[in-house]
Amino acid sequence: MTQAEFVPEMDAPFPRVTSDEGLISWLATTDHKKIGILYLLVTLFFFAIGGLEALLLRVQLANPENSFLSPQAYNQIFTMHGTTMIFLVVMPMLIGFGNYLIPLMIGARDMAFPRLNALGLWMLVFGGLLIYFSFIGGPAAGAPAAGWFSYAPLSEKPYSFNAGLDYWALGLLITGIGTVSAAINFIVTILKLRAPGLTITRLPLFVWMMLVNSFLIVIALSLFNAALVMLVVDRLLGAHFFQPDGGGSALLWQHYFWAFGHPEVYIMALPAFGMISEIIPVFSRKPIFGYSVIALSTLAIGFLSLSVWAHHMFVVGLAEPANIAFGAASMLIAIPTGIKVFNWMATMWGGAIRFTTAMLFATAFIVLFTIGGITGVMFAAVPIDYQVTDTYFVVAHFHYVLFGGTFFAVMAGFYYWFPKVTGRMLSEKLGKWHFWLLFIGFNMTFFIQHILGLQGMPRRVYTYPDYPDWTWMNQLSTVGAFVMGVAMLFFLWNLWVSLRRGAAAGDNPWEAWTLEWATTSPPPVQNFDRLPPVRSRRPLWDVAHPEDPDWKHPEGRGSDIDIPIKTEKNKLGVSVFLLGEANFFLLLILAYLILHNASAGGPTATTALDPLRAGLNTLFLLASSFTIWRAEKAQAVQSASGRIWLAATILLGALFLIGQGLEYRTL
């Protein structure tokens, strides 16, 4: 195979909002690169809001018996801070990186479904704005105040009577649908649009982890979406899924929420692992140590993450066998996670390390995430969990995992891929100021909270008594939070200055090895004109070092055998969608079975529904699935009968909707 040419230099600069293309070219775009940039801009906007909320919380907690915020205001800001950072910042920011990078890393021209890609972005925007509309949504409004987890029955109408939680649930439902659509797009893109020679065992590890992560999103987000639907039905239609005095179960919400919530931790961590796995080898000038082990451990994390949710619930009174099982699973998942840490350290060992800003953030990630991981394993021991589960020890652990872990990896990603996106380098001087201030401020803020938690300071409270040492430790934590705020100002200033007059980056300033560096910086609309041959995991190393290419070495070559995905991309996308829908309806059916068999009174299907009418509605629904399938088959062969089958589908759908309307009318 001959060496292919690289993409020539662009004749025109990357389009800007103020360019001839104008703002509408960004708002209406289906280009994965612009959508990725918009994701990052939207999440930086919400990050600024969430950061200001965090500073308000820390000002309130700087002194005992403080009245800077009222209890209600504190609860609202606390709820919105957690919701913003998890659902509107970390998760969509990682999706933004995936949007920009995955097609470039696999040699594709765009995502598999560009319009669906754009839809996911705008569902994030409007879902996030809907949640924040709760602050100004009329006399019955008010921001949600039940915590980002919204435990029942506090989230039910009798206890949270304003519309804030309605906005919260509906907004998260909208953003959740957009997130699932992005995950489906990633799965189909990675499985169907890879460059020739880029087998599944040669994928960049960031792409590998985004693939596993996308399956987790489809499974876990569908569970959360089902729980949100039940909460909305409780609050707006008078049901009682989670309201004990109506026959529901408050504990059921915790099971459903954490069945999503703990996979969600890894949904926010796996892409960060992928970023670190790309950055550390480049700045260590060594291939990643144990590629196959990292990939397999990622699969293990994806599987085990679905089996550990109840370690958040040890204090609710679960049966002893359940506590033992979930405790053991929580300890077990630390093994594949720890494997990655040793792989990264082994990659650095003996390498020619360049401590750029990106590498500093990547190295700090290993340290901080390891601290968060160790404290996480402590929670798997039930007696320890009993003592610290409702204290600031949990707050410290959570932030070491998600901020010290994921966010530091994201910052490394910004410094590493910014030259590819813009064609300019970020300032290393400003970057190092950003890093050290953030690293110091973060540890000032959260390390001391481990000690506060061990001393018994409860979390989720707006003030505290003047107990010995609590005041100075909280004040230190507050000072650290403001140091982090200053650090982020350095980052934003660095972005602004570098975009305007940063040094020209060139196509591959880091001498990296994956395909995104084979095109211009920034890439053209079509991404590539030609691709280099892919015969190993580091195709650009092979091009630059024909005397010693990776494809001559078994560990670097990977396998030529690929996973055969013969399904057409539209059918594959629908199949993945149906996986999520199956989980969604499984949770609804499971809720019915649990509550139907409970001893509490209340209406049942037998007393509330007409079996004949319900049976006919079900028949109409099932029959419409058959007729639409027949219509599709007829259309494929251009048969005139397709219109008849389509008309039958519309008729059956109308009969089903009429029947449902009559059924709901009598409830």
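The values are calculated or read from the model by the stated rules, or taken from the named source; none is laboratory data. Please read all numbers here as calculations on a predicted model, not as lab measurements. Backbone-built Cβ (ideal geometry, glycine too); neighbour counts: all protein chains shown. Side chains are part of the model used for accessible areas, which takes the heavy atoms of the whole protein and leaves out ligands, DNA and RNA. Shrake-Rupley method; radii C 1.70, N 1.55, O 1.52, S 1.80 Å.
Taking all protein chains as shown and a probe of 1.4 angstrom, Phe97 keeps an accessible surface of around 10 Å². Taking the protein heavy atoms of the chain in the context of the full set of protein chains, the accessible area attributed to carbon and sulfur is 70 percent at 1.4 Å. Across the protein chains, with a 1.4 Å probe defining accessible surface, the residues His262, His255, His553 rank His553, His255, His262 from largest area downward. The count of lysine pairs in the chain that are at least 8 places apart or cross chains, and whose C-alpha atoms lie under 15 Å apart, stands at 6. Excluding ligands, DNA and RNA, the accessible surface per residue across the range 618-667 is 77 Å² with a 1.4 Å probe.
Estimated from helical segments only, the mean residue ellipticity of the chain at 222 nm is -22000 deg cm²/dmol, where each DSSP H run of four or more residues counts as -39500 (n - 2.57). Provide the net charge surrounding Asp390, with neighbours chosen by a C-beta distance below 12 Å and charges set as Lys +1, Arg +1, Asp -1, Glu -1. My count for the surroundings of Asp390 gives +1. The equivalent ellipsoid that matches the C-alpha gyration tensor of the range 511-562 spans semi-axes of 22, 13, 8 angstrom, in descending order.
Protection proxy ranking of 635-644, 654-663, 292-301, by the mean of other Cβ atoms within 10 Å over each peptide's residues and highest first, is 292-301, 654-663, 635-644. Rolling a 1.4 Å probe over the heavy atoms of the protein chains gives the range 251-352 an accessible area of 34 Å² per residue.
Rg and Dmax over the alpha-carbon atoms of the range 72-121 stand at 15.7, 51 Å. Rolling a 1.4 Å probe across the protein heavy atoms gives the range 20-179 an accessible surface of 35 Å² per residue.
Each residue was assigned an accessible area with a 1.4 Å probe, and for Lys571 the value is about 120 Å². When each of the peptides 88-96, 150-158, 555-563 is scored by how many other beta carbons lie within 10 Å of its residues on average, the order from highest to lowest is 88-96, 150-158, 555-563.
Among complete DSSP H helices in the chain, those whose alpha-carbon atoms stretch at least 24 Å along the helix's long axis and whose mean Kyte-Doolittle hydropathy reaches 1.6 are 205-237, 357-379. Decide, for the chain, between rounded, prolate and oblate: order the square roots of the alpha carbon gyration tensor eigenvalues as a ≥ b ≥ c, take rounded if a/c falls under 1.5, and otherwise choose prolate if a/b is larger than b/c, else oblate. It comes out oblate by the Cα gyration axes. Taking a ≥ b ≥ c as the square roots of the Cα gyration tensor eigenvalues, the range 525-667 comes out oblate, since a/c reaches at least 1.5 and a/b does not exceed b/c.
The shape of the range 164-303 comes out prolate: with a ≥ b ≥ c from the C-alpha gyration tensor, a/c is at least 1.5 and a/b beats b/c. Computed over neighbours whose Cβ is under 15 Å from that of Ala640, the net charge equals +2, Lys and Arg +1, Asp and Glu -1. With R₀ set to 35 Å, the beta-carbon distance separating His553 from Lys192 gives a calculated FRET efficiency near 0.75.
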